[in-house]
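The values are calculated or read from the model by the stated rules, or taken from the named source; none is laboratory data. Note that the structure is a prediction, hence the values are computed from the model and not measured. Ideal geometry is used to build each Cβ from the backbone, glycine not excepted, and the neighbour counts take in all protein chains shown. Heads up: the accessible areas ignore ligands, DNA and RNA and are worked out on the full protein's heavy atoms, side chains in. Shrake-Rupley method; radii C 1.70, N 1.55, O 1.52, S 1.80 Å.
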Amino acid sequence: SPHFYARNFGEIEVEAVQPFGGGFALMVAPRFVYEDFDDYTRDREDIVASVRIAPMYNFGGGLTFILEGQAVVAFSTLSNKTGETWSVTPVLRFQRAL
């Protein structure tokens with residue numbers, strides 16, 4: 001019987017943060033994914049490339065505001081899996097050490 005979720009895949013993501021001083025920093029994280037679905041009903045291979053970009057500001061006292069944007073482009077041998085998405089997410093993080 002087929003294993004519908006069986007796949008060969010490779011994935012790489014690098015996240016880099018550059019502080020600028022005064023509480024400001026910038027995070028950039030490119031990602032690349034390759035998936036080959038062995039037992040799919042048709043030949044299916046997917047390639048997904050994305051990048052996350054997040055400027056951030058640290059107010060001090062463990063409070064940080066982040067505006068994270070992400071762009072994703074996907075290519076597949078299935079036409080309904082090919083396309084692009086864009087998103088922007090505001091994040092308010094409170095983090096304190098014990």
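Taking Cβ atoms as reference points and 14 Å as the exclusive limit, the residues near Val91 contribute a net charge of +1, counting Lys and Arg as +1 and Asp and Glu as -1. In the chain, the sites counted are trypsin sites (Lys or Arg not before Pro) in DSSP loop states with at most 15 other Cβ atoms within 10 Å, and the longest stretch holding none of them, exclusive of the sites, is 43-95. The magnitude of the dipole of the chain, with charges of +1 and -1 set on the Cβ of Lys/Arg and Asp/Glu and taken from the Cα centre, is near 520 debye. In a DSSP loop and with at most 14 other Cβ atoms within 10 Å, the GluC sites (Glu not before Pro) in region 9-43 are Glu15. Fraction of C-alpha pairs exceeding 14 angstrom in region 27-74: 63 percent, rounded to a whole number.
A cut-off of 5 Å between modelled amide H atoms, ignoring neighbours fewer than 5 places along the same chain, links Leu78 with Glu45. When +1 charges are put on Lys and Arg Cβ atoms and -1 charges on Asp and Glu Cβ atoms, the dipole computed for region 37-78 relative to its Cα centre reaches about 280 debye. Across the chain, the longest piece that holds none of the chymotrypsin sites (Phe, Trp or Tyr not before Pro) lying in DSSP loops with up to 11 other C-beta atoms within 10 Å covers 6-98. A simple count of charges around Glu45, restricted to other residues whose Cβ falls under 11 Å of its Cβ and scoring Lys, Arg +1 and Asp, Glu -1, yields -1. Ranking Leu63, Val33, Ile47 by Cα position along the charge dipole of region 25-73, where only Lys, Arg, Asp and Glu carry charges on their C-beta atoms, puts Leu63 farthest toward the positive end.
First select every other residue whose beta carbon is under 10 angstrom from the beta carbon of Gly10; then total the charges, Lys and Arg +1, Asp and Glu -1. That works out to -3.
Of the accessible area of the chain, computed with a 1.4 Å probe over protein heavy atoms only, carbon and sulfur atoms account for 60 percent.
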